Amino acid sequence: MPFLDHVLQVPRYGWKDSDGNLVKPSQKQLLNEFFKRLNVFKDRRNWLPFFSWLKVACLIPFFILFLLFHIHWWTVLAAFIYSMIIMGTHGTIWHHRFATHGAFKFRNGFWRFFTQNLTINVIPEEIYVISHHVHHAKSDQPGDPYNAQAGFLYCFLADVNHQPIAKDLTENSYNRVKLLMRHTGVTANNYKQYQKWGSYVNPSHAIWSWILNWAFWYAIFYLIGGHALACTLFGAAGFWAIGVRTFNYEGHAKGEDKQREGIDFNEKDKSIN
C-alpha cells in the first residue's frame, strides 16, 4: 500500500465506500469520532489532538477578557492585524511553505527556531505537515483529510478526525514520517516512543515548547501594552485558531465547482484563487 494511503489514522467511518466513492459521514458520526479521539483516558495516544484543542480552549478566556474589558479602537485594530495578517502570514511561511514543502532553507538552527516562534504557538507541526502532504496527493478525492465535498464539519474537525498520523505504522513507515518532519527541527520520538505515544513529537517537548512560547509572548505584549494588549493578541490568536479550521472548506469552494476560467488555474481539484 502506498505510504500516503495509510500514514493517517483512518476514521471509523472510513475514507471511501465499497464502490470507491467518498464517504460523507453524518454530523453525529463526525462528533462521535471527534470526542472519541479526544479521550486521553481511554487511549493516551490521543494526547496530541487533545493537546491541540486544549490550546484553543486556553485562548478563549483571553478573547472573553478582550470583549469584556479591553475593547478600544487600538486593541480592535491590533486584534485585526494580529489575527488576519500576522498569524496567517506566519502559518503560510512556517507551516505551509517551509515545514510542509521545504520551499526554502535557514542559514542555521537559530533562525529556524526564531521563525517557528514568531507568533503564539497554536498548531502542532506534525498534525499540519503530514496530513498536508496527503491533502496535496489526494485533493478533493477520498482520503483527503479535509475534503470540502464532505461538508463544513468534516473540514472543521479534521485536525482531530482525519489529520493525526496512524497509531500502527511499521518502523519503516514511521521512519518516512521522520524524514518528512526532520527539517522542521521538532524533536522526534524513536519508534518505541512512537508506539507508546502514537505521535512523532514527544508530549514533554510539545508541552515545554508551548509553555515557554506563551510565557515569552505574554511578557512581551505586557511590556508593550499591559494586560490590555496581551489579552487582545492572545484572544486574536484564539479567533484565528478557530477560523483557520474553516480555511480549506472555503478555499475549495465549499465542495462545489466555482472555478472561473482565467482566474483559477489548477484544474486537478476544486480549489479557487
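Just so you know, all these numbers are worked out from the coordinates, no wet-lab data involved. Remember, it's a predicted structure, so these values are computed and weren't measured experimentally. Glycine gets a Cβ as well: all are built from the backbone with ideal geometry, and neighbour counts include every protein chain shown.
Structure notes:
- Taking 16 Å as the straight-line reach from the Cα of Lys167, the lysines in range (excluding those fewer than 8 positions away in the same chain) are Lys36, Lys42, Lys178, Lys192, Lys196.
- For the chain, the mean residue ellipticity at 222 nm estimated from helices alone is -16000 deg cm²/dmol, where every DSSP H run of n ≥ 4 contributes -39500 (n - 2.57) and the total is divided by all residues, rounded to the nearest 500.
- Placing dummy labels 7 Å off each Cα toward the beta-carbon, the span from Phe41 to Asn190 is 3.3 nm.
- Length-normalised contact order for the chain - Cα pairs under 8 Å, 6+ apart - percent: 30 percent
- Taking His70, His205, His135 and counting other C-beta atoms within 10 Å, the order from fewest to most: His205, His70, His135
- Folded to 0 to 90 degrees: helix 171-181 orientation relative to the chain principal axis, Cα: 40 degrees
- For region 138-273, the Cβ-based charge dipole about the Cα centre amounts to some 540 debye (Lys, Arg positive; Asp, Glu negative; other atoms uncharged).
- Using the average count of surrounding beta-carbon atoms within 10 Å as a protection proxy, the listed peptides 257-266, 240-249, 195-204, 149-158 rank, highest first, as 149-158, 195-204, 240-249, 257-266.
- Per-residue HN-Hα couplings for region 213-219 [Karplus 6.51, -1.76, 1.60; θ = phi - 60°; Hz; x = Gly/Pro]: 5, 5, 5, 4, 6, 5, 5
- Directionally averaged projected area (the chain, Cα convex hull): 16.3 nm².
- Cβ-derived FRET efficiency at R0 22 Å, Phe80 paired with Val56, nearest 0.05: 0.70
- Computed 3J(HN,Hα) for region 239-246, one whole-Hz value per residue from the Karplus formula 6.51 cos²θ - 1.76 cosθ + 1.60 where θ = phi - 60°, is 4, 5, 4, 7, x, 5, 6, 9, glycine and proline marked x.
- Entry note: region 114-217 has Rg to Rh equal to 0.99, where both radii use alpha-carbon atoms and Rh is the Kirkwood radius.
- Distance in nm between pseudo-label sites at Asp17 and Lys167 (7 Å out along the Cβ direction from Cα): 2.8 nm
- Max mean-square fluctuation residue, GNM over the chain, Cα-Cα springs under 10 Å, options Ile60, Ile130, Ile85: Ile85
- Nearest-ten-degree value, helix 27-37 long axis tilted from longest Cα axis of the chain: 70 degrees
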